[in-house]
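Written out below as structure tokens is the structure these notes cover.
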Amino acid sequence: MSDIGDWFKNIPFITRYWFAGSIAVPLIGKLGLISPVYLVLWPESFFHKFQIWRPLSATLYFPVGPGTGFLYLVNLYFLYQYSTRLETGAFDGRPADYMFMLLFNWICIVITGLMMDMQLLMIPLIMSVLYVWAQLNRDTVVSFWFGTRFKACYLPWVILGFNYIIGGSVVNELIGNLVGHLYFFLMFKYPMDLGGRSFLSTPQFLYQMFPNRRGGVSGFGVPPSRRPVPQEQAGGGGGGGRHNWGQGFRLGDD
């Protein structure tokens, strides 16, 4: 148990609480402590009954059962793996900037979910984080199932296509990819590569809540270093990329 506790404490701060919430809330629903009816996103209940917790609970909740357990574990793994990589990589020492990215993506996904009557938001948010990581590490070579190798920038779309082939829904992945692309374009691509104005900036109150570490400069003055790895498994464990997870949203990457 001490090893598990040490491992959990070593998870980056923001990822740790997101990961813990994504375990605790489905467990609460599974045990019946709170009915899942109150955990999913229903526009009518949100707007007319003022059940304002639903966007957050729908992001953390997933209906775990015999037919969805593997899918849940795969996406929980994605959450841990790619959120950790971003928080300790491009956003290292900048917890406020990372929190802003999550909030921006989450708000976009919640708005989309309310418009499209989506009840579960866990997978779109995870996929949006995976998309941002893939773009910031676009030249890293990752391995998919059956020994397939490709650059990380294609990883989110390979996951989407794989799930379409096996008959799964691709709506969650597509929304996550589009939201992740919106953030990446507005934060990095447009102002840094295309010379446009910066539309996104981290609010000052987030810097007060999550101060930079090691004297880091707030915001992004230059594109984050990508530090490409010659070859990496698409979901490798512990950040080293050695587990051969050929998975996606259903089975797809990592």
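The values are calculated or read from the model by the stated rules, or taken from the named source; none is laboratory data. The structure presented is a predicted model; accordingly, all values stated were derived computationally and were not measured. When we count neighbours, we look across all protein chains shown, and the Cβ atoms used for this are built from the backbone with ideal geometry, even at glycine. Accessible surface is based on the protein model in full, side chains and every heavy atom, while ligands, DNA and RNA are left aside. Shrake-Rupley method; radii C 1.70, N 1.55, O 1.52, S 1.80 Å.
Among the residues of this structure, Pro211 does not count as one that is in contact with a Ser or Thr (Cβ under 7 Å, 6 or more places away or on another chain), more than 17 Å from Leu79 (Cα to Cα), modelled with pLDDT under 95 and surrounded by fewer than 22 Cβ atoms within 10 Å (Cβ to Cβ).
Which numbered condition in (1) at pLDDT 95 or above; (2) open to solvent by 30 Å² or more (accessible area, probe 1.4 Å); (3) of a type in the set (D, E, K, R) is the only one that Asp117 fails? Failed condition: (1).
Condition check ((1) of a type in the set (S, T, N, Q); (2) over 24 Å from Met116 (Cβ atoms); (3) surrounded by fewer than 17 Cβ atoms within 10 Å (Cβ to Cβ)) across all residues:
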{"position": "Tyr131", "(1), (2), (3)": "no, no, no"}
{"position": "Val142", "(1), (2), (3)": "no, yes, no"}
{"position": "Phe146", "(1), (2), (3)": "no, yes, yes"}
{"position": "Ala152", "(1), (2), (3)": "no, yes, no"}
{"position": "Leu160", "(1), (2), (3)": "no, no, no"}
{"position": "Tyr183", "(1), (2), (3)": "no, no, no"}
{"position": "Met192", "(1), (2), (3)": "no, yes, yes"}
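Residues are listed down the side, and each one gets a yes or a no for (1) in a helix (DSSP H, G or I); (2) closer than 28 Å to Gln135 by Cα; (3) at pLDDT 95 or above:
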{"position": "Leu33", "(1), (2), (3)": "no, no, yes"}
{"position": "Gly67", "(1), (2), (3)": "no, no, no"}
{"position": "Leu73", "(1), (2), (3)": "yes, yes, no"}
{"position": "Thr84", "(1), (2), (3)": "yes, yes, yes"}
{"position": "Asp97", "(1), (2), (3)": "yes, yes, yes"}
{"position": "Cys108", "(1), (2), (3)": "yes, yes, yes"}
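When region 36-87 is limited to residues that are surrounded by 15 or more Cβ atoms within 10 Å (Cβ to Cβ), of a type in the set (A, V, I, L, M) and over 14 Å from Leu114 (Cβ atoms), the one that is nearest to the chain's Cα centre (by Cα) turns out to be Leu79.
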